Amino acid sequence: MSNKRKRNFQFRFVPDAEAEYFDKNWNILEHAIRDIYKKGNYSHHSIEDLYRYAFNMVLHKSSDKLYSGLVATMKSMTSHLKEIAESIEATQGGPFLVKLNRKWNDHSKALLMIGDILMYMDRIYVPRTKKAPVYELGMNLWTETVIYSNQIRTRLSNTLSELICRERDGEDVNRKLIKNITKMLMDLGLSVYVQVFETPFLQVSYEFYRAESQKLIECCNCVDYLKNVERLINEEMDRVNHYLDPRTKSKITYVVKKEMIENHILRLIHMENSGLVNMLCGDKYEDLGIMYNLFSCEIDGLSKICEVMTSHIRESGKQLVTDPEKSKDPVQFVQRLLDEKNKYDKIISLAFNNDKMFHNAVNSSFEFFINLNPRCPEYISLFVDNKLRKVLKGVSKDDVDITLDNVVMLFRYLQDKDMFEKYYIQHLAKRLLSGKSVSDDAEKSLIVKLKTECVHQFTSKVEVIFADMKTSVDTMQNFYASHSELVDGPTLTVKVLTTRFWPTQSTVTCKLPAEISALCEKFRSYYLGTHAGRKLSWQTKMGTADMKATFRKGQRHELIVSTYQMCVLILFNNADRLSYKEIEQATEIPASDLKRCLQSLALVKGKNVLKKEPMSKDFSDDDVFFVNDKFSSKLYKVKIGTFVAAKESEPEKVETQQRIEEHWKPQIDAAIVRIMKFRKQLDHNHLIAEVTKQLQSRFLANPIEVKKRIESLIERDFLERDDIDRELYRYIS
């Protein structure tokens, strides 16, 4: 294969040939563009041929001339577009938009065809030179010549707004036509859409809804008004979805809420018989949800709802806790508090989207009114006592947890938490000693929950109480193991309680029957013999007894009674009739306790194993008691309770308060010393404020008591007063 010399051939257009080539192709393209503009098509050449001509011109570096020629040709078509504008202006009535839409379709179709022909120039030349694409040139021309024509622009704005207002009034309108026109405006540019349609439309909407709000608010209640507003907003959303730009949605929603809601917020909230308070009282979750959703976008809308709701909760809560009738039953009293809390929790959950602001408002309101009643700590403890004695028996663990969580929630609102703890330990002790607690697990679960809320020495007290109960079982087993001769006689069960941790009563004891007294002495000797250095004090008031009784008709029953009741009943083994005075002397039971004891034995229907003469609730020394021979019961085991006050009496309340205040003193002292040790010196008012703040998680410190504790610390040389400023304290290190 022979090597042949390679030759390179270079082709180029000479200037005259290039000019002639451009003129020839451009003449074809220019005629095509004009015909497409005027007639909508061009029959002399195919689109593919026209595209090829334009492609070759760009390829041969004639892009500048091609683009300039296009601009000049399109400008020369302005007269044609003016004729179109004049024909549109001359159209009257409904056909105005129809004709505008048809002419726009023709124009945009022509632009698309021209764009297809000049596609290569658009893709290569236009981005490089940052000039307007073909379609944009045509859009600008249409905007300036047709849309911005004074008559068309104003008429177009008014016609579109009028059609929408007619639809608001219930008329049927051509939604497709409106959609085409608004889409045209968006295609022409967002600024065109805003200037020609959106701004005038929103202005008309302001006026429409201002008038609509005045009409509705005069004839509707709050609920109906809000439902109408919700309906109107939904209708506007439907219009936006069908024929407006999505960006108009937020603007038209704002207009509706501004005129329908924001300008009438207070009037709607306070509307008589249908406003917010009426909805809250009637648990109208759906209506409250509508109000919440409509007010949520308004400035201070939700805060105004929250303010009124807070005021209502505080007022209704105040009435609840200060009403003497509603305070008679502590369990029902606390249940009403829980029902009220559950009511508002449900409202916030179902209607207010679990808004934290409303949760905080409810919590602060409950904390406010619960502490208006100083007996709330006692009542909450009695509620717990009621639940853990019988109500929660057989209840599922989940339901028990719900009940205990509710108790802890109320505990959280208390300012005097120490007061609750004192009552709680008293009631816990009675439950455990009487064996009436439904479950140790439930008791311990509540302790754990309380401990997470308030880490304090009270929880350690409770732990000692439970430990004593367990130790007592072991002690009794060992006692009977070492006294086998006691198997056949009365059985004694002793709970040995650590004095400092149990809320023990005063050590006034009754006179026990001889056989029981002898058994108690044997236990005392055993216990003190195995625990050197300890002292036993009998708490007979807190004891119980199981007695077997045989009545004259041969009926046999096992009576479950208190220690005091046992002492009374055993007297009737040796006597048929006894006076009140004789019973009192024989048992040495305190008078107040003896009266309650005899009331429960003789005056309770179905439990009256004794009879009283005269048959009245009043007692005198000469009243006579005797066994009720006609006593009968379907049950073998008969439990006879004791008349006890559901709540503390005033003297008991004063005594409890005094014990609690004594308990507070070292805590106040410790807080003062901590603060002064850190600050070194502090004036009186600031010291009071800091002590109150530091102790508020436990109890609300009384400034007078804090002042007394300051004086005590000064006397004990922990603090000293400044020589000049007597209100200034210094820490003595």
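If you go through region 217-260 and keep only what is closer than 30 Å to Leu185 by Cα, β-branched (Val, Ile, Thr) and surrounded by 17 or more Cβ atoms within 10 Å (Cβ to Cβ), you end up with Val229, Ile233, Val240, Thr248, Ile252, Val255, Val256.
May I ask you to verify whether Lys346 is open to solvent by 80 Å² or more (accessible area, probe 1.4 Å) and either modelled with pLDDT under 95 or assigned to a helix (DSSP H, G or I) (or both)? Considered against the rule, which asks whether it is open to solvent by 80 Å² or more (accessible area, probe 1.4 Å) and either modelled with pLDDT under 95 or assigned to a helix (DSSP H, G or I) (or both), Lys346 comes out as yes. Quick check: anything in region 713-733 part of a helix (DSSP H, G or I), within 27 Å of Pro377 (Cβ to Cβ) and open to solvent by less than 100 Å² (accessible area, probe 1.4 Å)? Checked against the condition, which is being part of a helix (DSSP H, G or I), within 27 Å of Pro377 (Cβ to Cβ) and open to solvent by less than 100 Å² (accessible area, probe 1.4 Å), region 713-733 yields no hits at all.
For region 671-681, the set of residues classified as surrounded by fewer than 16 Cβ atoms within 10 Å (Cβ to Cβ) and either in a helix (DSSP H, G or I) or out of contact with any Ser or Thr (no Cβ under 9 Å at 6 or more places or on another chain) (or both) consists of Val673, Arg674, Lys677, Phe678, Arg679, Gln681, listed by residue number. Please work out if Glu136 is out of contact with any Phe, Trp or Tyr (no Cβ under 9 Å at 6 or more places or on another chain), charged (D, E, K, R) and modelled with pLDDT of 90 or more. No.
This table checks each residue for (1) polar (S, T, N, Q); (2) touching a Lys or Arg at 6+ places or on another chain (Cβ under 9 Å); (3) at pLDDT 85 or above.
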| position | (1), (2), (3) |
| --- | --- |
| Glu515 | no, no, yes |
| Ser525 | yes, no, yes |
| Met547 | no, no, yes |
| Thr550 | yes, yes, yes |
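Restricting the search to helices (runs of 4 or more DSSP H) fully inside region 106-176 and requiring at least 3 residues that are open to solvent by 30 Å² or more (accessible area, probe 1.4 Å) and among the charged types (D, E, K, R) gives 119-129, 150-168.
Residues in region 401-439 that are basic (Lys, Arg) and not in a helix (DSSP H, G or I): Lys436 alone. Restricting region 261-289 to residues that are touching an Asp or Glu at 6+ places or on another chain (Cβ under 7 Å) and surrounded by 19 or more Cβ atoms within 10 Å (Cβ to Cβ), the residue that is nearest to Val362 (Cα to Cα) is Met279. Residues that are at pLDDT 80 or above, loosely packed, with under 12 Cβ neighbours inside 10 Å and of a type outside the set (Lys, Arg) within region 633-670 comprise Leu635, Tyr636, Pro666, listed in sequence order. Is one or more of the residues making up region 358-368 free of Cβ contacts under 8 Å to residues at least 12 places away in the same chain and out of contact with any helix residue (DSSP H, G or I) (no Cβ under 7 Å at 6 or more places or on another chain)? Looking for residues that are free of Cβ contacts under 8 Å to residues at least 12 places away in the same chain and out of contact with any helix residue (DSSP H, G or I) (no Cβ under 7 Å at 6 or more places or on another chain), one finds at least one in region 358-368, hence yes.
Consider region 350-370 and keep the residues that are of a type in the set (S, T, N, Q) and open to solvent by 60 Å² or more (accessible area, probe 1.4 Å). The one that is nearest to the chain's Cα centre (by Cα) is Asn354. For region 80-104, name all the residues that are touching a residue at least 24 places away in the same chain (Cβ under 8 Å), of a type in the set (D, E, K, R) and open to solvent by less than 50 Å² (accessible area, probe 1.4 Å). Matches in region 80-104: Glu89 only.
Residue check: Ile589 meets all listed conditions (1) within 16 Å of Lys511 (Cβ to Cβ); (2) open to solvent by 50 Å² or more (accessible area, probe 1.4 Å); (3) β-branched (Val, Ile, Thr) but one, namely (2). Note on region 485-500: residues that are in a loop (DSSP other than H, G, I, E, B) and modelled with pLDDT under 80 total 4. Reported count of residues in region 351-367, each being part of a helix (DSSP H, G or I) and not small (Gly, Ala, Ser), is 9.
Going by the structure shown, is Lys179 in contact with a helix residue (DSSP H, G or I) (Cβ under 7 Å, 6 or more places away or on another chain), open to solvent by 40 Å² or more (accessible area, probe 1.4 Å) and either among the aromatic types (Phe, Trp, Tyr) or not in a helix (DSSP H, G or I) (or both)? No, not satisfied.
With respect to (1) assigned to a helix (DSSP H, G or I); (2) open to solvent by 10 Å² or more (accessible area, probe 1.4 Å), the lone exception for Phe383 is condition (2). Within region 59-79, if we keep just the residues that are part of a helix (DSSP H, G or I) and either at positive phi or basic (Lys, Arg) (or both), the residue that is least open to solvent (accessible area, probe 1.4 Å) turns out to be Lys65. Looking only at residues in region 562-583 that are touching a helix residue (DSSP H, G or I) at 6+ places or on another chain (Cβ under 6 Å) and hydroxyl-bearing (Ser, Thr, Tyr), which one is surrounded by the most Cβ atoms within 10 Å (Cβ to Cβ)? Here the residue is Tyr564.
Consider region 317-330 and keep the residues that are part of a helix (DSSP H, G or I) and open to solvent by 30 Å² or more (accessible area, probe 1.4 Å). The one that is modelled with the lowest pLDDT is Lys326.
Condition check ((1) more than 26 Å from the chain's Cα centre (by Cα); (2) under 19 Å from Arg166 (Cα atoms)) across all residues:
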| residue | (1), (2) |
| --- | --- |
| Tyr209 | yes, yes |
| Glu212 | yes, yes |
| Asp224 | yes, no |
| Pro246 | yes, no |
| Tyr285 | no, no |
| Val308 | no, no |
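No other residue among Glu588, Glu613, Glu584 is more than 18 Å from Thr563 (Cα to Cα) and of a type outside the set (Gly, Ala, Ser) apart from Glu613.
Considering Gly301, Gly317, Gly394, the condition of being at positive phi and over 14 Å from the mean Cα position of the chain (by Cα) is satisfied by Gly394 alone.
Number of residues in region 576-616 that are closer than 11 Å to Phe626 by Cα, of a type outside the set (Ser, Thr, Tyr) and not in a helix (DSSP H, G or I) equals 9.
The values are calculated or read from the model by the stated rules, or taken from the named source; none is laboratory data. Source: prediction; values computed, not measured. Because the Cβ atoms are built from the backbone with ideal geometry, glycine has one as well, and the counts that use them run over all protein chains shown. Ligands, DNA and RNA are excluded from the accessible area calculation, which covers all protein heavy atoms including side chains. Shrake-Rupley method; radii C 1.70, N 1.55, O 1.52, S 1.80 Å.
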